[in-house]
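Rule-based calculations on the coordinates, nothing more; no lab input. Because the structure is predicted, anything quoted here is derived from the model rather than measured. Because the Cβ atoms are built from the backbone with ideal geometry, glycine has one as well, and the counts that use them run over all protein chains shown.
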C-alpha cells in the first residue's frame with residue numbers, strides 16, 4: 001500500500017493517512033485522515049465543475065459519503081489523492097448534468113478580489129483583469145478541452161492524475177491541454193488586440 005500524494009501534514013491530535021496505515025487504524029480513522037488531508041482538493045474540484053459555493057459544498061459532502069460507503073477499500077487504494085479526485089469529479093459532473101442552471105457569475109468574480117501583497121498595485125490589477133478575461137474563456141471551451149485544463153491548471157493535477165480522473169489516457173490529456181491552451185492563447189491575443 002503506497003500513497004503518492006503531495007501534502008503529508010501532521011497536526012497535533014489528528015492522525016494522517018500514513019499514520020493510520022502504519023498503526024493499522026480502523027477504517028473510520030483512515031476516513032477521518034483522508035477528509036482532513038484532502039477535503040480542500042475535493043471542494044476545489046467540485047467548485048471547478050459547478051461554479052457555485054453551496055453546490056460545491058454539497059458535492060464535497062456527497063463525495064465523502066460515497067467514500068464512507070466504500071471505506072473498506074481505503075486501505076487498498078494506491079493513490080488516494082487521485083482516487084478522491086476521480087470520485088469528486090464524477091459527483092460534480094453528475095450534479096452539473098442534473099442542474100438546469102450553472103452560476104457562471106462566480107467564475108467572473110470568484111477569487112479575483114485584490115489582496116494586500118508584495119506585488120505592486122499595477123501588477124495586481126493586471127492579474128485581476130487577466131483572471132476576469134480567462135475565466136469566461138475557459139468556461140466557453142468545449143467540455144472535452146475545458147475539463148483537462150481546469151484539472152491541470154486550476155487544480156494543479158498532473159497529466160497522469162487528470163487521465164485517471166477523466167478515465168482517458170495520458171496522451172489524450174496532453175493533446176487536449178495543448179489544444180485548449182492554443183485556443184485560449186488565440187482568444188486572449190484577439191481580445192487584447194481590440195483594446
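The stretch between residue 73 and residue 191 holds 37.6 nm of extra length on full extension. This uses 0.36 nm per residue minus the Cα-Cα distance.
So if R0 is 30 Å, what FRET efficiency would residue 35 and residue 168 give, r being the distance between their Cβ atoms, rounded to the nearest 0.05? Display every interim value, and only then the final one.
On the way: r = 28 Å, r/R0 = 0.92.
The value I calculate is 0.60.
This ranking places 62, 170 by how few other beta-carbon atoms lie within 10 Å of each, fewest first, which gives 170, 62.
Size descriptors for the stretch 135-187, from the alpha-carbon set: Rg then Dmax equal 10.1, 29 Å. Taking packing as the residue-averaged number of other Cβ atoms within 10 angstrom, the listed peptides 181-191, 151-161 run from highest to lowest as 151-161, 181-191.
Nearest 0.05, what FRET efficiency do residue 178 and residue 28 give at R0 = 45 Å with Cβ-Cβ as r? Present the calculation step by step, with values, prior to reporting the outcome.
Values: r = 43 Å, r/R0 = 0.96.
Computed FRET efficiency for residue 178 and residue 28 comes out at 0.55.
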